[in-house]
Each structure stands twice: as C-alpha cells, then as structure tokens.
Amino acid sequence: MDIELSTCFIAVDDHDKALAFYRDVLGFEVRNDVSFEGMRWVTVGAASQPGVDIVLEPPLADPGASAADKEAMAELLAKGLLRGVNFRTEDCDATFETIRAGGGEVLQEPLDQPYGVRDCAFRDPAGNMLRFIQPRG
C-alpha cells in the first residue's frame with residue numbers, strides 16, 4: 001500500500017493576515033482561493049511539494065453551526081489550541097531568522113532536541129503553533 005499526505009487544514013480567523021504570513025513570510029504559493037456561503041478557503045503549499053496542500057479554513061466551516069459553537073471555536077483558536085503543524089527545513093537557524101524578521105511570534109528559539117532534531121516554533125497570525133524541524137546527523 002502506498003499512502004501519501006495530500007491535504008491538511010489550518011484554522012485561521014483572518015485569511016488576509018494568514019496569506020501575508022504563509023505566502024509572504026514562509027514563501028508558499030497560493031494554489032486556490034474559494035469563497036462559499038460567506039466563508040473562505042485558501043490553499044497554499046511549498047513549490048517543492050506540489051502534491052501536498054495546506055488549506056487555510058474558517059475555524060468552524062459549518063454554515064449551520066450555532067453561535068455558541070462558533071464562539072467556542074474562536075476561543076480555542078485564539079488560545080492556539082486547535083492545530084499544530086510541523087515543517088521540515090534544511091537550516092533551522094536560517095528559517096528561524098527569516099520568520100522572526102517577517103514578524104512571526106516566537107515560541108521557541110532554535111534548540112537541539114534529545115530525539116535527534118534541531119527545531120524552533122512560532123505562532124501564526126491566528127495562534128496556531130508551527131514547528132520547523134531540521135534533522136540532525
């Protein structure tokens with residue numbers, strides 16, 4: 001069986017701010033931008049991985065959701081509790097400096113981890129935790 005990752009989803013509360021981060025700071029290409037029933041989904045991805053899409057979606061993509069559910073999801077997003085994504089990089093320190101210079105909210109500066117990677121962490125504009133991992137050795 002040959003299975004590969006195709007799509008992952010990241011909740012965002014402001015697509016324009018998210019695009020400024022994912023496109024302009026991380027350098028991802030925009031692959032799709034769709035609006036439907038007052039909501040918006042933007043697909044981005046690394047040029048080096050044309051088969052892997054990251055969909056920047058509303059926190060609760062359900063037009064029939066209750067106001068209480070929408071409020072609960074917005075609170076979880078604001079706290080950074082919805083999703084986390086790990087990205088691989090060849091140079092953790094250079095990636096860190098680029099993202100920090102682009103205004104990324106630093107959670108962890110580059111650090112050698114005991115499990116064989118060097119990594120750093122940021123929050124995106126919506127509060128999601130993103131880790132950037134460089135394999136060691």
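Just so it is clear, none of the values below were taken in a lab; they were calculated from the coordinates. Please read these numbers as outputs of a predicted model, since none were measured by experiment. Here the Cβ positions follow ideal geometry from the backbone for every residue, glycine too, while neighbour counts run over all protein chains shown.
List the residues whose amide H sits under 5 Å from the amide H of V12, counting only those 5 or more places along or on another chain, with H placed 1.01 Å from N in the peptide plane.
Hits under the 5 Å cutoff: E57.
Which of the chymotrypsin sites (Phe, Trp or Tyr not before Pro) found in the stretch 66-137 are loop residues per DSSP with 16 or fewer other Cβ atoms within 10 Å of their Cβ?
Y115
At a temperature of 4 °C and a viscosity of 1.567 mPa s, determine how fast the stretch 1-95 diffuses translationally according to Stokes-Einstein, using the Kirkwood radius over alpha-carbon pairs as Rh; express D in µm²/s, rounded to the nearest whole number.
Answer from the Stokes-Einstein relation: 88 µm²/s.
How far, in degrees from 0 to 90, does helix 92-101 lean away from the longest principal axis of the Cα atoms of the chain, to the nearest 10?
Helix 92-101 sits roughly 50 degrees off the main axis of the chain.
Taking the Cα centre of the stretch 1-78 as the origin and placing charges on Cβ (Lys, Arg +1; Asp, Glu -1), which of I3, V42, F28 is farthest toward the positive end of the dipole?
Positive-most Cα among the choices belongs to F28.
Tell me the angle of helix 67-78 to the major Cα principal axis of the chain, expressed in degrees between 0 and 90 and rounded to the nearest ten.
Computed tilt is about 20 degrees.
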